[in-house]
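Asks: I am attaching a structure below and will ask some questions about it afterwards.
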Amino acid sequence: MAGESPSSESEFVSPDAANGSVNPVFYRFMFSRAIGSVCFSLFLLFFAWKMIVVYKSVFLVGMMPTIYLGVDILLSVPLGHLVDRVSNSLLNLVASLFMLAGFLIFLLGFSFYLVYAVTILVSISVTMKGGSLMGLMKRLVSPDGINRATSHVSASLSLSQLIGVAAGGFSLVFLGEYTPYVLIAGSIASIALSIPIKNEPGRNAVGEKGTSGEYREVLAFMKRIWTVLVFALVINGFFISLDVYASGLFNIYLKSNPISYTLFVASLPAGMLIGSMLSSRIYPFLNNARVTASLLFLLAPLVIVLGLSQYAAADVIAAGFMGFILPLINVPINARLTKVIPREWFGRSMAMMRIFTGGSTPVMAVFFSFLSIFFTVPEILLYVGILMFPFSLFGLKVVRTLYSVSVTGGS
């Protein structure tokens, strides 16, 4: 970047030429985040199953994603401020240290209190990793490389979740009480890839408008895309039901074994990996409001299949198709948002969007856990799928609103 002091990493740290390439330094932190995601997925699958076996309570298991989502929302504003003001590579390192600290707790033993304590620390890590990586993308990747970088991040996250799920299933069958040591080793590997960049470009001082003025600009941008935010809030709230009910659906209602449960959890990231890889190849086709709205409509019947099916294999296939569709929707939308938001308040904009779009999810996680006391899991999933139809139709208006915002930030 012009104006940046030279350093030993300057040839790698400056944004790429406008040829669609992605900065190689960015990939180091993407891989660090991917390793953290492997550990997080392994942790959730292994201990969700262990909790359902030991306590036989969907409610107690449902509190794990609730804690994660609550942490994600509470950290949004302070993390967004830090992403704009300080070194994002340093934030990435601190996030890895939080993950290591969390998994070390398991050396004390097992109880749902300890699982919740670990969930808090690891959730802080995952949230910080995601926020700092998006900040690094804005600072290190040229506008022409954003589409490819977004696709790569989506693919790496899907692949890491898939590996984490496979590792979780393997741990359930073979490792048992030794699983925490695998998690600790993975955290150390993530730390090794999180060494901060010297003279990281793009750190922003407080501008002439001041912090309050910049937040007014953020809120003005949020107002312009309010339909997008409302739509994402509702859809995210619906999808949290899958996180809450997965272990209970397979253990209690389908009477399945850990292998079937692992395949179900793995099918979503497996589909996402395929969809992410395809999205970079057909991006011009996907970068269209009608295409996005049509893909949204296909998600509702797949959720209904989960509610009606009495066979684990059908649920696995439905979840795989859902995973395939999601990145075809998310990649062009996320790439568009990354381009249109000015770098000066990029972190805070993403934070405010996370609050609006994810604000319903902790409440919905508790709500769905509570519903499981009165209704069966298949019944609830059936109703969720039915309710998704009208919101999917609303998606066409929503996506058109986003695509009406110019890449320079204007309308």
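Asks: For 315, 144, what ranking results if the residue with the fewest other Cβ atoms within 10 Å of its Cβ goes first?
Replies: Placing the least packed residue first, the sequence is 144, 315.
Asks: Just to verify a number: FRET efficiency for residue 288 and residue 144, C-beta to C-beta distance, R0 = 25 Å, to 0.05?
Replies: 0.80
Asks: Which FRET efficiency, nearest 0.05, do residue 400 and residue 313 yield, Cβ-Cβ r, R0 45 Å?
Replies: FRET efficiency, residue 400 to residue 313: 0.75.
Asks: Among 61, 218, which comes first, second and so on when ranked by fewest other beta-carbon atoms within 10 Å?
Replies: By the 10 Å Cβ count, ascending: 218, 61.
Asks: Going by how many other beta carbons lie within 10 Å of each one, how would you line up 177, 217, fewest first?
Replies: Ranking 177, 217 by Cβ neighbours within 10 Å, fewest first, gives 177, 217.
Asks: A further question follows. Limiting things to C-alpha atoms, what are the Rg and the maximum Cα-Cα separation (Dmax) for segment 50-94, in angstroms?
Replies: So, for segment 50-94, Rg and Dmax equal 16.0, 46 Å respectively.
Asks: Quickly work out the residue 230-to-residue 195 label distance, labels modelled 7 Å from Cα along the C-beta direction, and quote it in nm with one decimal.
Replies: 5.1 nm
Asks: Hey, another quick one. Go through 119-128, 178-187 and give me the packing order, highest mean Cβ count within 10 Å leading.
Replies: The peptides rank, most packed first, as 119-128, 178-187.
Asks: Using a 7 Å offset from Cα along Cα-Cβ at residue 120, what residues in segment 67-105 end up with backbone N under 20 Å from the label point?
Replies: 67-79, 94-105
Coordinate-derived values only; no laboratory data. Please read these numbers as outputs of a predicted model, since none were measured by experiment. Ideal geometry is used to build each Cβ from the backbone, glycine not excepted, and the neighbour counts take in all protein chains shown.
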